[in-house]
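Notes follow the structure.
The values are calculated or read from the model by the stated rules, or taken from the named source; none is laboratory data. Since this is a predicted model, take the numbers as computed values, not measurements. All Cβ positions, glycine included, derive from the backbone under ideal geometry; neighbour counts span all protein chains shown. Keep in mind that these areas ignore ligands, DNA and RNA; they rest on the heavy atoms of the full protein, side chains included. Shrake-Rupley method; radii C 1.70, N 1.55, O 1.52, S 1.80 Å.
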2 protein chains.
Amino acid sequence: MVGHKALRINGTRLNETLQSTCTQWGALSSSTGIRRLTLSQADKDVRDWLVNECKELGCEVKVDQMGNIFAIRPGKGEGLKPIAMGSHLDTQPAGGRYDGILGVQSALEVLRTLHENDVATQHPITLIDWTNEEGARFPGAMMCSGVWSTKSSTPLEACYRVTDSDGIDMRTALEEIGYLGMTPCDYRENGLEAYFELHIEQGPKLEQEGKSVGIVTAVQGMKWFAVRVTGVEGHSGTTPMPARSDALVTAALLISAVRTTALETNLGVATVGVITSDTQFQATIPSGIDFIIDVRCPTDAQLAALCAAIFTAFDAIVASESNRTAYSVTRSWGLPESVFHPSCIAAVRAAAVAEVGELQCMEMKSGAGHDAAWTSKVVPSSMIFVPSEDGVSHNPAEYTSPEHCALGAQVLLQAVLAYDGRIT
Amino acid sequence: MVGHKALRINGTRLNETLQSTCTQWGALSSSTGIRRLTLSQADKDVRDWLVNECKELGCEVKVDQMGNIFAIRPGKGEGLKPIAMGSHLDTQPAGGRYDGILGVQSALEVLRTLHENDVATQHPITLIDWTNEEGARFPGAMMCSGVWSTKSSTPLEACYRVTDSDGIDMRTALEEIGYLGMTPCDYRENGLEAYFELHIEQGPKLEQEGKSVGIVTAVQGMKWFAVRVTGVEGHSGTTPMPARSDALVTAALLISAVRTTALETNLGVATVGVITSDTQFQATIPSGIDFIIDVRCPTDAQLAALCAAIFTAFDAIVASESNRTAYSVTRSWGLPESVFHPSCIAAVRAAAVAEVGELQCMEMKSGAGHDAAWTSKVVPSSMIFVPSEDGVSHNPAEYTSPEHCALGAQVLLQAVLAYDGRIT
């Protein structure tokens with residue numbers, strides 16, 4: 001048995017496993033992209049494969065009430081809670097091969113490395129595959145890590161009732177693929193000692209700064225608002241301009257104000273990525289428009305201020321417009337700012353610096369939400385980032401080199417071992 | 001046999017036929033609305049019924065290359081071309097029971113009235129059901145009257161290749177329902193003496209003025225533009241505001257400018273009724289937005305001026321925006337202004353005034369496009385309007401009273417007879 005500090009993951013094996021499972025389950029035909037919607041057949045297939053792999057490594061596998069998979073490699077300490085590594089295997093409808101997937105596959109590579117080297121850790125070491133991180137099929141990103149942390153705005157029973165665009169509810173979907181487990185989805189009953197998540201950055205900063213590892217210290221706060229603008233339907237040829245109540249015209253002004261307000265206040269970022277119209281016909285004045293605003297700021301105070309500024313701007317627009325429309329916020333949800341745990345950050349920093357040296361590392365906040373943001377509310381957590389080529393993510397063109405993937409997995413291994421050594 | 005001027009259509013029969021065929025073929029379950037997309041099963045069923053009814057009245061039925069149905073009641077004159085009445089039986093995805101349908105059902109009621117009274121006209125009298133007036137399933141409103149007039153921007157072979165959202169092309173759809181006919185779809189080979197179309201107003205003017213019959217003198221010119229705005233996809237949480245190239249932000253500014261330009265120039269009306277985004281995910285900055293602009297003006301010169309003003313505004317916005325997006329017009333099509341024929345207008349006026357008196361009649365232009373706009377390019381044509389409750393159309397709530405429907409059909413009958421008498 002080699003000394004822990006000399007242990008090395010197998011980068012070639014990691015890359016081959018990641019690429020071959022992507023090719024097998026959910027590959028898009030026209031690109032290297034992946035469509036592996038949560039609880040779909042492709043998700044079931046990759047889950048079944050993962051469970052089998054982990055069992056072959058001697059892990060006990062538990063599935064909780066939201067389908068989250070916990071594969072536990074026993075430790076030698078008595079009554080110690082697991083140190084976990086994980087992320088998610090689901091993707092966007094046309095996503096890439098790295099977002100989420102790298103975190104789970106690297107966790108598996110860590111388990112394989114521990115197994116083949118007969119490493120005995122104090123704590124159990126657990127791999128987690130969180131259900132529905134993307135929120136692409138069932139609305140609600142980071143849904144099931146949120147339920148596990150029990151501080152989500154959406155509790156278990158409400159999540160079971162969330163439906164996809166075909167009207168299938170989440171509980172049914174879990175049952176159908178055989179992942180409606182019995183383990184309580186609750187950190188108090190199925191707890192962890194700590195949680196580490198390796199992820200691609202999904203932004204351009206590491207690449208721009210020429211760094212290879214991000215030591216993530218926090219996740220910015222985020223809020224989403226589903227907005228509906230209502231007007232009056234009419235015929236485009238027979239309704240005079242001044243008599244109109246055109247929901248799309250008002251929505252256009254509001255969407256423009258979202259960007260202007262974010263730019264002017266400089267508090268954070270705000271985006272409208274989804275818009276739908278009640279009408280699909282060019283000769284109809286739209287009676288209703290729905291859109292979603294995504295607002296993110298480094299702190300909760302900034303987040304509250306930016307949201308307030310946006311809706312103040314909306315009120316002013318609707319009041320001054322001659323268009324006689326109204327708007328309402330039909331749903332809002334969010335994730336408060338998450339500051340990671342100093343002990344976890346220290347373990348990641350030690351592992352990263354040992355591997356690539358201080359100059360290749362960079363402390364950073366995450367602009368994107370991750371399961372670690374939820375876990376950090378209830379157990380010590382932190383994250384490792386590796387570079388995304390051109391900052392592209394949620395897209396088939398998403399790419400992180402095999403070298404950076406291997407580097408991330410190596411840092412994950414050593415951070416977990418460092419944390420395990422630190423506690424005992 | 002009664003004198004022609006005393007002939008009366010049967011309003012009760014007209015209403016019963018119109019309502020019962022709407023209930024049978026294409027009725028929405030939740031309202032009195034209709035979904036009878038062109039060349040759908042519902043459209044086939046109502047076409048089959050119509051053909052059978054016309055044959056029972058002694059008509060010869062011809063189907064042309066675009067599926068337009070011509071049901072011809074012979075006249076006693078030698079070698080005379082038919083005087084036609086018609087409209088369309090297809091509807092919007094959630095349309096009403098009157099738009100188009102009233103014109104065809106009233107034409108049938110006229111044929112029934114002529115038949116049961118053994119009226120011998122000089123000219124053949126023809127009922128026409130035009131295919132795909134709505135352009136809701138296969139893009140391109142008034143498509144098949146356009147092909148028949150051969151002045152459409154889209155000739156027959158191009159129309160055959162137009163596909164619906166399932167990728168079914170129009171030729172295949174015509175074949176599938178058995179309405180790919182052999183008669184040339186060309187006014188020169190399958191000609192008419194004149195064309196009359198009864199239609200609901202689809203606007204509020206008759207109701208507001210307290211009139212019951214519109215004597216339609218023209219249809220305004222109209223142009224449609226399919227616009228695509230392109231930016232760069234990005235993650236909403238990791239892409240700084242100043243670095244973005246957000247296609248929806250630019251599209252919002254352009255959509256707002258469409259309205260502002262129409263209001264400021266006072267040349268006509270301009271509307272964006274359809275908008276679609278490349279992304280369906282709230283955390284993605286949209287890389288592409290498509291929308292359609294619908295522009296209508298009383299004259300072609302005004303139409304050209306308003307379109308030019310809109311695109312000048314677009315160019316200025318894209319040039320001044322810090323958003324680094326671009327726009328292109330990916331398709332445009334249109335219908336020039338249509339001035340109806342004095343003889344047809346006179347026949348309608350005579351019939352309307354005889355029925356309800358001068359005070360209940362109103363000369364007007366049509367804001368909406370109709371098949372008569374195309375036919376007027378090549379044969380003498382005009383239209384009769386009856387009131388639309390609250391001006392509502394393209395909506396299940398569309399309503400015209402049985403009394404107004406019967407009045408319209410009576411004016412149609414007498415206009416056709418007047419025109420037939422005028423010529424011989």
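One table, with the values for the structure above:
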| quantity | calculated |
| --- | --- |
| Innermost chain A residue relative to the axis carrying A onto B, by Cβ distance in angstrom | A:ALA252, 2 |
| Shielding by partners, peptide B:393-405 (average Cβ within 10 angstrom, other chains) | 2 |
| Shielding by other protein chains, B:229-236, mean Cβ within 10 Å | 6 |
| Protection-proxy order for peptides B:372-385, A:27-40, each taking the mean of Cβ atoms within 10 Å per residue, highest first | B:372-385, A:27-40 |
| Value of D in µm² per second that Stokes-Einstein yields for the protein assembly as shown, Kirkwood Rh from Cα pairs, at 25 °C (0.890 mPa s) | 81 |
| Cβ-based charge dipole, the protein assembly as shown, positive-most Cα from B:SER245, A:SER40, B:GLN41 | B:SER245 |
| Cα long-axis angle, helix A:101-116 against chain A (0 to 90 degrees, to the nearest 10) | 10 |
| Degrees separating the helix A:300-320 axis from the principal Cα axis of chain A, which is the longest one | 20 |
| Highest-fluctuation residue, A:THR183, A:THR312, A:THR150 considered, GNM on chain A with Cα pairs under 10 Å | A:THR312 |
| Spin-label proximity, B:ARG324 to the range A:363-392 - amide N less than 20 Å from point 7 Å beyond Cα toward beta carbon | A:367-368, A:388-392 |
| Principal axis dimensions, chain B - Cα atoms, whole angstrom, descending | 83, 46, 42 |
| Chain A: most fluctuating residue of A:GLY95, A:GLY357, A:GLY237 per GNM, C-alpha cutoff 10 Å | A:GLY237 |
| 25 Å Cα-Cα reach of A:LYS55 towards lysines, excluding residues that sit fewer than 8 places from it in its own chain | A:LYS44, A:LYS76, A:LYS81 |
| Expected 222 nm ellipticity per residue - DSSP helices of 4 or more, -39500 (n - 2.57), all of chain B, to 500 | -11500 deg cm²/dmol |
| Stokes-Einstein diffusion coefficient of the range A:288-361, Kirkwood radius over Cα pairs, 37 °C, 0.692 mPa s, in µm²/s | 200 |
| Percent carbon-and-sulfur accessible area, the protein assembly as shown, ignoring ligands, DNA and RNA, probe 1.4 Å | 51 |
| Over the range A:221-335: Rg over Rh, Cα atoms, Kirkwood Rh | 1.02 |
| 5 angstrom amide H check on A:GLY135, placed H, neighbours 5+ away | A:MET142, A:MET143 |
| Pairs from B:LYS5/B:LYS211; A:LYS223/A:LYS365; B:LYS5/B:LYS365 whose Cα-Cα separation, in the structure shown, is over 20 Å | B:LYS5/B:LYS211; B:LYS5/B:LYS365 |
| Label spacing, shortest first and in nm, from A:GLY210 to its equivalents in the remaining copies (7 angstrom along Cα→Cβ) | 8.4 |
| Choice from A:ILE317, A:ILE177, A:ILE72 showing the highest fluctuation, given a GNM over chain A with Cα pairs closer than 10 Å | A:ILE317 |
| Partnerless Cys - chain B, beta-carbon criterion under 4.7 Å | B:CYS22, B:CYS144, B:CYS159, B:CYS185, B:CYS297, B:CYS307, B:CYS344, B:CYS361, B:CYS405 |
| Average accessible surface area per residue within the range A:28-121, 1.4 Å rolling probe, Å² | 33 |
| Quarter of Cα convex hull surface for the range B:315-416, i.e. mean projection, nm² | 10.6 |
| ³J(HN,Hα), Karplus 6.51/-1.76/1.60, whole Hz, each residue of the range B:411-422, x for Gly, Pro | 5, 4, 4, 6, 5, 5, 5, 4, 5, 5, x, 4 |
| Inter-probe distance in nm under a simple model that places probes 7 Å from Cα toward Cβ, at A:GLU264 and B:ALA6 | 7.6 |
| Value of D in µm² per second that Stokes-Einstein yields for the range B:112-220, Kirkwood Rh from Cα pairs, at 20 °C (1.002 mPa s) | 127 |
| Shielding score for B:240-248, defined as the mean number of other chain Cβ atoms within 10 Å | 5 |
